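> This structure is in structure tokens; I'll ask about it shortly.
Every read-out reported here was derived from the displayed coordinates using simple, explicitly stated rules and does not represent laboratory data. Quick caveat, the model's predicted, so the values are computed rather than measured. Here Cβ is always computed from backbone atoms with ideal geometry, including for glycine, and neighbour counts include all displayed protein chains.
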Amino acid sequence: MTNEALKIKMEGLLPGAAFEEGTAWLTLQTVPEEFKAFATQLRSDPDLLFDYLFCLTAVDWKTHFTVVYHFSSTVYRHTLVVKVKLDKNDPAIDTVSELWRTAEFHEREAYDLMGISFTGHPDMRRLFMTADHVGYPLRKDYEDPVNMIKL
Amino acid sequence: MISLESLNRALQHWLQSTLGDPWAYLVMCVLVGLAAITLFAVLGLALVYMERKVAALMQIRMGPNRVGPKGIFQTSADTLKLVMKEGLTPDGADKFLFNFAPFLVMIAAMLVLAPIAFARNFQIWDLNIGVLYVAAVSSIAVIGILMAGWSSNNKYSLLGAMRSAAQIVSYELSAGLAILSIVVLAGSLRISDIIASQADGWWIIKGHVPALIAFVIFLIAVTAETNRAPFDLAEAESELTAGFHTEYSGMKFALFFLAEYINIFIGCAIGATLFFGGWMPFHIGHWEAFNRVMDYIPSSLWFLGKTLFLIFLIMWFRWTFPRLRVDQLLNLEWKYLLPISMINLLFITLMAILGWHL
Amino acid sequence: MLEEIGTNDQGDMIINIGPQHPSTHGVLHLVITLNGETVKKVEPHLGYIHRSIEKMCESLNYRQFIYVTSRMDYLSSHINNHACALCVEQGLQLEIPSRAQVIRVLLDELTRIASHQLWWGALAMDLGAFTPFFYAFREREMINEIMEETCGARLTMNYIVPGGLMMDVHPDFQRKVKAFLVQFRSKIHEYDELVTGNVIFQSRTKGVGILSKEDAISYGCTGPTGRGSGVSCDIRKLYPYEIYQQLQFDEVLEQGGDSFARYKVRIGEMIQSMNIIEQLIDNIPEGDFQAKTKAVLKLPKGDFYSRVETARGELGVYIISEGGTTPYRIKFRSPGFSNLSALDHMSRGGKIGDLMATMGTLDLVIPDIDR
Amino acid sequence: MFLTDYIKTVYGTLGSLLKGMRLTGYYFTHKKEIITQQYPEVRPVLAERFKGEVVMPHNENNEHRCTGCTACELACPNGTIKIVTKTEVNAEGKKKKAIDTFVYRLELCTMCNLCVQACPSDAIIMANNFEHSVYDRRQFTKVLNLPGSKIMEGVE
């Protein structure tokens, strides 16, 4: 599916979505409440079949967080980027680990480094840091005077 | 001509004439013990050096070449290092068993030395069930390995020990059957008789294809019984770090290491005795002239040469093959080696009855 | 993890494999639950070599951050650098001289061969055969020497800069690469004799660590791991970058999904990489090796994503720029991370030895996973 | 048939194993294939581009080419280089900036070559020396300009 066709399809699926302009891949923004149902559709809709989640990451925008999902389909070879805006103080979103198994690790990574909690994740623990670590290293306001060397 | 046999006889004679019967006997015992220990030490060093050189050459490397000419003192230097290391005993270990296990393995290896004929009439104890004795005593070593694995209080060690037990117990069978096939041909369990029966040609040649099959099975079984690659599951370093001797260090580790090489030597010596005639020179039927020429080479050299050749084969295996998995190891024994060696034994018995062998 | 040592309530043994273990190749820590010899569960504990490269890159400018990525997947460091440079060039909309493109691809493929050679030796070592390691390193050394001559380093090359290459190739480059091809083609039969054809090796890898096609996609397995399960996921074919579009090569696919299939994919890839090199080595175009760039690079505001095929699979570089000289956020989608997540699924029900074979054929590089 | 399959398996197994043994046996008997380099006795031949450490070449008059522009310091990702400048009065009485010390911390250096690339006057180059081990880590902090050295004539 081309980006245009994908965009029309997406407008049908998610009427409130905002699209970003000037990106190579169709990029849309949504809210966490609508995301889970939307993701399920992406995975199962026979015209879409986004079966390959190749990147999942989170960005700290100081005022809020976004979780960025890069979906691709191994059948149709189209790509979609979904950005979900999360609250600064309580960043939480539904897990997609049962739809894409790879999300299990990627979500743990995002939890560990960004502090985003994925509700419904089977094993929400820190992945890289020790269990008693305080703070989330990839956040912009993270300070660690011992391990971070400022040049 | 100076040979081990004449030296031995001269020494015995001199002792008897100077000390009298019981004392001479006692001194002889002490001397034999000392000789055995010296042999162990020298063999251990030499075989480790040989292993390292063989491995290096197969791996397009040079191997040890810094300590002494061509690195021949490398293993001595390593031993020195091991002696000086602290022998740690883990906190949760069963102290007595943990410290006793390496000695048990070593004692078992030493006991098997008794019936081996190193040269013509040069044997510690030529007992009438020599081969049976070897098969029986060599399995004591597995108790030591089990002890080491259990008492270390380490799960890697335990897994290694369990693997080792399963492996040695099952490979005992095909090794026994392979030995038995030669016993059937020779008609005796006494080692000197078996060697004497090969005066007109070794069993590997006289016994045709069945003897060859028995030899291959014996070699595989010996490799497995000595825990060598490709059957080194008990210490499989990529799976169990070091298996049953994970927790050992210093001299106790060295004893395990030494025992492994002594076991290889003994296994190969038995193989050489059964299939290649031990110290018996290469004789062909009734070619008297040829046989006489062969007799000029000392019998001890014949024995050593054959044993080293077999050891080399086992080393060659180690540096070529990947390791088997534990279930494949048992499959190999129970589905392939055991049935083949049983049928093979049947053939050999038939051959012995009908007198088809040369 | 002291509380996890011991046995669980079902009486299963729990063993820590790693972080110091001969076959975890680095500092991977696996907590495995064993029932006898049978693996019931594998749980990776990561982070022993986590340096937070993503955070480091946020304070480095677009020229500087490339060198850090060499330290991610150190066996295909050149390809990592390539991915980063591609992402920056995408943002700057730079046109790369064709000479630079060809040389980049050539070195990519050499790196891929070197990485697969090391993997081959290490896999054999995991399975208990020591000798192949040395044979693999003999040919790998030739690649390393080529790299040393051209890039000045053997492992962490840092040869790529945004806009092209840091310097031109060494005059001896073509001759040496050709010599390597001749040597490697004459020695590749040893790989078959010593390992591929060996019965013990085959029985250790066939039917071991099976990953179905659906699972491979779901777990995001790429590279030889994905292709061993029949997933067509070669970025060089699907989303060609640089000059891969014009090259003749096959995507090596195996349907087995077991360790042996993954093994065969990698062996096939080495041959395909040699084909690519052979097509290019005599056709390096003349010209500049570097495009003209500004002294200070500034990416426009926006998101940039580049994907390349490293020796382990798909490497994604995701740069979010706020228009400054440093990335606002950078994310490396590393292939090993996704491949590792499938390890638990693949090794359940196998023996400990199978776990080693599976881990070996996943070709894990721990800094790539931990980043 | 079962029996023929069985025999075939045994035969094939032995064949494949012997193939491997032939290869290792070949290398065992061919000493010329050995690739070991006897390192301390036989020095490795390093490529001229090999990045071992950053050095500042001086000519026979103890002159270097560094103007103290700090381009390398800015280019370095790790803060390896620290340049301390001083003001010098030259023969014509003009004040001029020059380097006092060029501090190079080898333990931080990743040999990325960015400083050499950044240098406008080719004052620093990568040297081939790779044997960096010392007993005291303070020795890793090096001053690259020799004592009493001056900037070369004509380098701006």
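> Please compute the average number of Cβ atoms from other chains found within 10 Å of each residue's Cβ in peptide C:213-221. Walk me through the intermediate numbers first.
Values: counts 1, 2, 1, 3, 10, 11, 8, 12, 3.
For peptide C:213-221, the averaged partner shielding equals 6.
> Considering only C:CYS233, C:LEU46, C:GLY91, whose Cα is most displaced toward the positive end of the charge dipole of chain C, charges sitting on Cβ of Lys, Arg (+1) and Asp, Glu (-1)?
Of C:CYS233, C:LEU46, C:GLY91, it is C:GLY91.
> For n ≥ 4 DSSP H runs only, could you compute -39500 (n - 2.57) per run for chain B, divide by its residues and tell me the 222 nm figure to the nearest 500?
Numbers: 16 runs with 243 residues, N = 358.
Counting only the DSSP helices, I get -22500 deg cm²/dmol.
> A further question on this structure: When you look at the Cβ of every residue in B:154-165, what mean number of other chain Cβ atoms sits within 10 Å?
Numbers: counts 1, 8, 4, 0, 1, 6, 0, 0, 2, 2, 0, 0.
Neighbouring Cβ atoms belonging to other protein chains average 2 per residue here.
> So, one more: List, largest first, the extents of the alpha carbons of chain A along their principal axes, each in whole Å.
Largest to smallest, the principal-axis extents are 51, 32, 27 Å.
> Still on this structure, I have one more. Not counting the cut sites, what is the longest span of chain A without GluC sites (Glu not before Pro) that DSSP labels loop and that have at most 15 other Cβ atoms within 10 Å? Write down the numbers at each step before the final one.
Details: sites that count: A:GLU20, A:GLU21, A:GLU98, A:GLU143.
Looking at chain A, A:22-97 is the longest stretch - no exposed GluC sites (Glu not before Pro) with at most 15 other Cβ atoms within 10 Å.
> In degrees, nearest 10, range 0 to 90: what is the angle between the Cα axis of helix A:103-114 and the longest Cα principal axis of chain A?
Between helix and principal axis, roughly 40 degrees.
> Counting only helical runs of four or more DSSP H residues, what would the 222 nm mean residue ellipticity of chain C come to if each run contributes -39,500 (n - 2.57) and the total is spread over all its residues?
Details: 15 runs with 169 residues, N = 371.
So the helix-based figure for chain C works out to -14000 deg cm²/dmol.
> Here's something else I'd like to know. If the cut-off is 18 Å between C-alpha atoms, which lysines fall inside it for D:LYS95, apart from same-chain ones fewer than 8 positions away?
Of all the lysines, those that pass the test against D:LYS95 - Cα under 18 Å, at least 8 places apart if same chain - are D:LYS86, D:LYS150.
> I'd like the projected area of the protein assembly as shown, averaged over all directions, using the convex hull of its alpha carbons. Report it in nm² with one decimal.
Working: hull surface 210.1 nm².
Result: 52.5 nm².
> Now for a different question. State to the nearest 20 debye the size of the charge dipole of the range B:118-271 about its Cα centre, where the only charges are +1 on K and R beta carbons and -1 on D and E beta carbons.
On the way: 7 positive and 11 negative charges, 35 e Å.
About 160 debye.
> Anyone know which of B:LEU57, B:LEU330, B:LEU212 comes out most mobile in the 10 Å Cα GNM of chain B?
Highest fluctuation among the options: B:LEU57.
> While we're here: What ranking do C:PHE173, D:PHE102, C:PHE201, D:PHE140 get, fewest neighbouring Cβ atoms within 10 angstrom at the top?
Details: C:PHE173 18, D:PHE102 24, C:PHE201 27, D:PHE140 15.
So the ranking, lowest neighbour count to highest, is D:PHE140, C:PHE173, D:PHE102, C:PHE201.
> From other protein chains only, count the Cβ atoms within 10 Å of every residue's Cβ in C:131-139, then give the mean.
Working: counts 13, 6, 1, 9, 7, 0, 3, 4, 0.
The per-residue average across the peptide is 5.
> Another question, if that's okay. What ranking of C:HIS78, D:HIS30, D:HIS64 emerges when the number of other C-beta atoms within 10 Å of each C-beta is taken as an exposure proxy, fewest first?
D:HIS30, D:HIS64, C:HIS78
> Considering the convex hull of the alpha carbon atoms of the range C:102-211, report its projected area averaged over all viewing directions, in nm², one decimal. All intermediate terms of the calculation are to be shown ahead of the outcome.
Values: hull surface 33.6 nm².
Seen from a random direction, the Cα hull of the range C:102-211 projects 8.4 nm² on average.
> What does the charge add up to near D:GLY20, with Lys and Arg as +1, Asp and Glu as -1, over the other residues with Cβ less than 13 Å from its Cβ? Don't skip to the end; give the middle numbers.
On the way: positive: B:ARG318, D:LYS19, D:ARG22; negative: C:GLU190, C:ASP192, C:GLU193.
So the surrounding residues net to 0.
> Quick one: P(r) of the range D:66-125 from all Cα-Cα pairs, 5 Å bins, percents rounded to integers, in order of increasing distance.
P(r) for the range D:66-125, in whole percents per bin: 4, 20, 26, 22, 14, 7, 5, 2, 0.
> Right, another one. Could you state the angle between the C-alpha long axis of helix D:2-29 and the longest principal axis of the C-alpha atoms of chain D, as a value from 0 to 90 degrees rounded to the nearest 10?
With rounding to tens, the tilt is 40 degrees.
> Among the trypsin sites (Lys or Arg not before Pro) in the range C:13-92, which ones are in a DSSP loop with at most 15 other Cβ atoms within 10 Å of the Cβ? Mind listing them? Before the final figure, lay out the partial values.
Working: sites: C:LYS40, C:LYS41, C:ARG51, C:LYS55, C:ARG63, C:ARG71; in loops: C:ARG51, C:ARG63, C:ARG71.
Those that pass, being in a loop and sparsely packed, are C:ARG51.
> Based only on other Cβ atoms within 10 Å, what is the fewest-to-most ordering of A:PHE50, B:PHE282, C:PHE180?
B:PHE282, C:PHE180, A:PHE50
> Separate question: If we count every other residue with Cβ under 15 angstrom of B:PHE317's Cβ, Lys/Arg +1 and Asp/Glu -1, where does the sum land?
Numbers: positive: B:ARG228, B:ARG318, B:ARG323, D:LYS19, D:ARG22; negative: B:GLU51, B:GLU225, B:ASP232, B:GLU260.
Residues near B:PHE317 contribute +1 overall.
> Follow-up question, since we're still on this one. Considering only the range A:3-119, what is the antiparallel percent among its DSSP beta bridges, to the nearest 5? Before the final figure, lay out each step's value.
Numbers: 18 of 26 bridges.
Antiparallel bridges make up about 70 percent of those DSSP assigns within the range A:3-119.
> Still on this structure: Is it possible to state the helix-based mean residue ellipticity at 222 nm for chain D, with each DSSP H run of 4+ residues giving -39500 (n - 2.57), the sum divided by total residues, to the nearest 500 deg cm²/dmol? What is it? Provide the component values of the computation, followed by the final result.
Details: 3 runs with 38 residues, N = 156.
That calculation yields -7500 deg cm²/dmol at 222 nm.
> Can you check what the net charge comes to around D:THR110, using other residues whose Cβ is under 13 Å from the Cβ of D:THR110 (Lys, Arg +1; Asp, Glu -1)?
Values: positive: C:ARG51, C:ARG71, D:LYS51, D:ARG105; negative: D:GLU53, D:GLU107.
Around D:THR110, the surrounding residues sum to +2.
> Return the Cα extents of chain C along principal axes one, two and three, sorted largest first, each rounded to a whole Å.
The Cα atoms of chain C stretch 66, 49, 33 Å along their principal axes.
> With +1 on each Lys and Arg Cβ and -1 on each Asp and Glu Cβ, and nothing else charged, work out how big the dipole of the range B:62-178 is about its Cα centre, in Debye to the nearest 20. It would help to have the intermediate numbers written out before the result.
Details: 8 positive and 6 negative charges, 77 e Å.
Around 360 debye, computed over the range B:62-178.
> Another question, then. Treating only the Cβ of Lys, Arg, Asp and Glu as charged (+1, +1, -1, -1), what charge dipole size does the range D:53-151 show about its Cα centre? Round to the nearest 20 debye.
It works out to roughly 400 debye.
> If you keep only loop residues by DSSP, which GluC sites (Glu not before Pro) in the range D:14-68 have at most 11 other Cβ atoms within 10 Å of their Cβ?
Numbers: sites: D:GLU33, D:GLU41, D:GLU48, D:GLU53, D:GLU60, D:GLU63; in loops: D:GLU41, D:GLU48, D:GLU60.
Listed in order of number, the matching sites are D:GLU41, D:GLU48, D:GLU60.
> Here is a further query. Let me check the size of chain B from its C-alpha atoms; what are the radius of gyration and Dmax in Å?
21.2, 67
> Another question, if that's okay. If you scale each eigenvalue of the Cα gyration tensor by 5 and take the root, what three semi-axes come out for the range C:176-318, rounded to whole angstrom and sorted largest first?
Details: eigenvalues 210, 114, 25 Å².
They are 32, 24, 11 Å, listed largest first.
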